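Asker: Next up is a structure, given as structure tokens.
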Amino acid sequence: MIRLDNITKYYPSRLGKQYIFKDLSFDIPSDHNIGILGANGAGKSTLFRLLAGSEYANQGRILTDLSLSWPVALATGIHPQMTGRENTRFIAKVNGIADIDEYERRVIKFAELGKQFDLPVKSYSSGMRPRLAFACSIGIDFDVYLIDEVTSVGDAKFRRKAKAALLERSEKANVIMVSHEMDEIRQFCDSAIVLHKGELTFYNDLEQGIAQYQAL
Amino acid sequence: MTTLLKRNKWEIWRDVIFALFVREIRTGFNDKLGLGWAIISPIVFIFVLSFARSRIGGAETHSLPTFTFMAIGILFIQSFLLTMSGSAGAIRKNKALFAFRQVQPISAVLAGALFELLTKVFVIVGIIIMMYFMGMELHISDPLLLLACFFLLWMLAVSLGLLFGIAELFVIEVGKVRQLVERPMFFISGTFFSLQDIPREYWHFLDWNPVLHAIELTRFAVRATYGSEGVSMGYLSGIVLVFSFFSLAVYHIAWKQGVSR
């Protein structure tokens, strides 16, 4: 379980504080693959970044004993001038992986970048970068993977592979993902959290959540 | 299966700073000249200026060879400015990496500062080798004082860089102010002159500047006859202590909100 305890989060702007969450308390249940549904600007990515510890709330805290991935977005933490291999090793070092070489082999196998793995990431196609980013995170055994519209960029084959990898891990690991494509959410998730006007609602049944979201 | 190491806070810090440091070396200079340029360009700069000045201004300045006099001045002011801007810039440059919760701004600052320190050590070695081949005297009367001055100056630059870096997270324009402040530092820190060249009644315009203290004390450390009138180790270390405390205190209260904007 991930407990949000009295979270208040705002961004300062010229028009004053833009509140995303105000005194929000919520428990995100474990053992569910959760799709986060919400309109543009509802705060999905902010929620993600708060969960991952990339950002901090203005008040309140987030309590969990699970290990959460970083928010795997299109190219988080990937430096365009470093090669795929260097990026992989950087991520491994930062996350404290014991056997970096083994991890590197896993990423190579999953990302299927071939020789490009030793070229700077800036020469990659737009489908290859998220493949590397996703491979880097799935190569580490987290309890929860936070995935921000990464899988939507890949081709069908990569999606199948991502799905298989997550399923394989699904006994121990879960995914929380953001996407605007309902098909994709249906593919990976079994329940939903609808994010609307700073309030979170959990739906055990994914279809019910999607229906609610589309009715908004 | 990948196993994650159970690391304590210090080990995470060590790993992250190391990873950022390597990344900095790898990406800081990405053209064909690569890292070498960070070392060659200051050596050439220092060499040309010092050599020109020693031709024009005579062989000795206050009992110190003019070349050494100038080399110390330029080397120190350059180390100070580059370390300060490197540390300050490290926060904004690595902002995307704070997505990893292990990476904190201060790790980026320390990695950037260590990188600058490393290149400067190579620059110093390069200058010493040149002086050796030019047949200059390499005697240092107080090596410990020299090391202490260099280290204190580095600490000061890192503290100020951290302070500016944090401020720049909140107000971007602070970066422009920093660049504005940096420029006159080159001319008021005793790079081209000694405090002894200035009439005593005007000292108070200059002697508030800790960088001037560091440079003059280093010249004194190289040749004791140079004298250390008007500058003091106590003042320099006091300033460094105050600024490192202050910048760490500001960092401690502000970094979480800084990266969350």
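The values are calculated or read from the model by the stated rules, or taken from the named source; none is laboratory data. Everything numeric here is computed off the predicted structure, so don't read it as measured data. Cβ: placed from backbone, ideal geometry, glycine included. Neighbour counts: every protein chain shown.
Asker: Can you say whether A:V107 is in contact with a Ser or Thr (Cβ under 6 Å, 6 or more places away or on another chain) and on the phi < 0 side of the Ramachandran plot, as far as the supplied structure shows? Please lay out each step first, then the result.
Answerer: Numbers: in contact with a Ser or Thr (Cβ under 6 Å, 6 or more places away or on another chain): yes; on the phi < 0 side of the Ramachandran plot: yes.
The answer is yes for A:V107.
Asker: Being among the basic types (K, R), in contact with a strand residue (DSSP E or B) (Cβ under 8 Å, 6 or more places away or on another chain) and within 13 Å of chain B (Cβ to nearest Cβ) is the filter here, so list the residues in segment A:43-69 that pass it. Break it down stepwise before answering.
Answerer: Initial filter on segment A:43-69 (among the basic types (K, R)): A:44, A:49, A:61.
Filter once more, so that each one left must be in contact with a strand residue (DSSP E or B) (Cβ under 8 Å, 6 or more places away or on another chain): A:44, A:61.
The one that is among the basic types (K, R), in contact with a strand residue (DSSP E or B) (Cβ under 8 Å, 6 or more places away or on another chain) and within 13 Å of chain B (Cβ to nearest Cβ): A:R61.
Asker: Please tell me if A:I91 is closer than 23 Å to B:S260 by Cβ, within 12 Å of chain B (Cβ to nearest Cβ) and not in a helix (DSSP H, G or I). Show your work before the answer.
Answerer: Numbers: closer than 23 Å to B:S260 by Cβ: yes; within 12 Å of chain B (Cβ to nearest Cβ): yes; not in a helix (DSSP H, G or I): no.
The answer is no for A:I91.
Asker: Right, another one. Would you call B:A96 in a helix (DSSP H, G or I) and within 14 Å of another protein chain (Cβ to nearest Cβ)?
Answerer: Criteria met by B:A96.
Asker: Go through segment B:225-240 and give me each residue that's assigned to a helix (DSSP H, G or I) and surrounded by 14 or more Cβ atoms within 10 Å (Cβ to Cβ). Before you say what the answer is, go through the steps one by one.
Answerer: If we filter segment B:225-240 for residues that are assigned to a helix (DSSP H, G or I), which is where we start, we get B:225-226, B:233-240.
Result: B:Y226, B:M233, B:Y235, B:L236, B:S237, B:I239, B:V240.
Asker: So B:F51 clears everything in (1) modelled with pLDDT under 85; (2) touching a Gly at 6+ places or on another chain (Cβ under 7 Å) except one condition, right? Which one?
Answerer: It is condition (2) that B:F51 fails.
Asker: On to the next question. From the list A:P12, A:P29, exactly one residue is out of contact with any helix residue (DSSP H, G or I) (no Cβ under 8 Å at 6 or more places or on another chain), within 14 Å of chain B (Cβ to nearest Cβ), of a type outside the set (A, V, I, L, M, F, W, C) and more than 18 Å from A:K197 (Cβ to Cβ). Which is it?
Answerer: Values: A:P29 fails: within 14 Å of chain B (Cβ to nearest Cβ).
Criteria check complete, one pass: A:P12.
Asker: Among the residues of segment B:89-103, how many are buried (at least 21 other Cβ atoms within 10 Å of the Cβ) and under 17 Å from A:L50 (Cβ atoms)? Explain how you work it out, then say what you get.
Answerer: Of the residues in segment B:89-103, the ones buried (at least 21 other Cβ atoms within 10 Å of the Cβ) are B:90-91, B:94, B:97-98, B:100, B:103.
Narrowing further to those that are under 17 Å from A:L50 (Cβ atoms): B:98, B:100, B:103.
Qualifying residue count, segment B:89-103: 3.
Asker: Any idea how many residues of segment A:96-146 are in a loop (DSSP other than H, G, I, E, B), among the hydrophobic types (A, V, I, L, M, F, W, C) and either in contact (Cβ under 8 Å) with a residue 60 or more places away in the chain or closer than 18 Å to A:K157 by Cβ (or both)? Can you show your working first?
Answerer: Initially, segment A:96-146 is screened for residues in a loop (DSSP other than H, G, I, E, B), giving A:96, A:98-99, A:112-113, A:119, A:124-127, A:139-143.
Okay, now just the ones that are also among the hydrophobic types (A, V, I, L, M, F, W, C), so A:98, A:113, A:119, A:140, A:142.
Filter again for either in contact (Cβ under 8 Å) with a residue 60 or more places away in the chain or closer than 18 Å to A:K157 by Cβ (or both), leaving A:113, A:140, A:142.
Number of matching residues: 3.
Asker: In addition: Which residue, of B:R26, B:R14, is under 27 Å from A:V107 (Cβ atoms), touching an Asp or Glu at 6+ places or on another chain (Cβ under 8 Å) and assigned to a helix (DSSP H, G or I)? Reasoning before the result, please.
Answerer: Working: B:R14 fails: touching an Asp or Glu at 6+ places or on another chain (Cβ under 8 Å).
Checking each option against the conditions leaves just B:R26.
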